[in-house]
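The values are calculated or read from the model by the stated rules, or taken from the named source; none is laboratory data. This is a predicted model, so every value here is computed, not measured. Don't worry about glycine lacking a Cβ; one is built from the backbone with ideal geometry, like all the others, and counts go over all protein chains shown. Keep in mind that these areas ignore ligands, DNA and RNA; they rest on the heavy atoms of the full protein, side chains included. Shrake-Rupley method; radii C 1.70, N 1.55, O 1.52, S 1.80 Å.
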Amino acid sequence: MIISPPFLPERTENQTDEQWFDTAMNQVSNGIFPIGIRSAWHGGIHLEAPTNQNSTAACPVCAIADGEIVYVRAPTPQNQNISDPQNYGDTSRAVWTDNGCIVIRHRTEIGADAQDVATEFQYYSIYMHLSSIHANVQQPVPNPLQRIYRKQEIGTAGQIYGEANRIHFEIVCGDDQLEF
């Protein structure tokens, strides 16, 4: 199973793998796992999109592994209406949080059982708070679902509590996948 980070910044000269990974997976303090702000359960982490050396634009959000698109929610256009549910986190002013979302189902084999039958494992990657969804990502339709490939651009990081270039990211699986 090959997995990449959801952001793929360019490598700088003499950058180690660990340094590059820390840049790609820059976790911010207001969205940590498992307990988030206000001591609430938080199932993923918040990441800040890095910028490439010769650009001020944030890196695009990319699929972490090959899979199938199972859910897409287009983001709500940003506005300053304080009563809009996406303006939350501060009751005195409008603080925008984007709500674009993509869920990808991934399947892989993780070895074999005693009869040498391959063991398939299924998991999902979730990308939330996207400000835009890439044109190559479509709302899924049954049979067949849209294929997506590792490192393929899927969207743009949005705002979380008014802070730009952020996403909420999770990898999850069903309880039945943990019974091996």
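Looking only at the stretch 134-164, filter to residues that are out of contact with any Ser or Thr (no Cβ under 8 Å at 6 or more places or on another chain) and in a strand (DSSP E or B); which one of those is surrounded by the fewest Cβ atoms within 10 Å (Cβ to Cβ)?
Arg147
Looking only at residues in the stretch 59-72 that are crowded, with 19+ Cβ neighbours inside 10 Å and of a type in the set (A, V, I, L, M, F, W, C), which one is farthest from Gly100 (Cα to Cα)? Break it down into steps so the answer makes sense when it comes.
Taking the stretch 59-72 first, the residues crowded, with 19+ Cβ neighbours inside 10 Å are 59, 61-65, 67, 69, 72.
Narrowing further to those that are of a type in the set (A, V, I, L, M, F, W, C): 59, 61-65, 69, 72.
Working: Cys59: 17, Val61: 12, Cys62: 14, Ala63: 15, Ile64: 17, Ala65: 20, Ile69: 14, Val72: 8 Å.
Among those residues, the one meeting the criterion is Ala65.
This table checks each residue for (1) over 22 Å from Pro60 (Cα atoms); (2) open to solvent by 50 Å² or more (accessible area, probe 1.4 Å).
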residue: Asp84; (1), (2): yes, no
residue: Asn87; (1), (2): yes, no
residue: Ala94; (1), (2): yes, no
residue: Ile102; (1), (2): no, no
residue: Arg107; (1), (2): yes, yes
residue: Ile110; (1), (2): yes, yes
residue: Tyr124; (1), (2): no, yes
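Within the stretch 4-25, work out how many residues are surrounded by 15 or more Cβ atoms within 10 Å (Cβ to Cβ) and of a type in the set (Val, Ile, Thr).
Looking only at that region, the number is 1.
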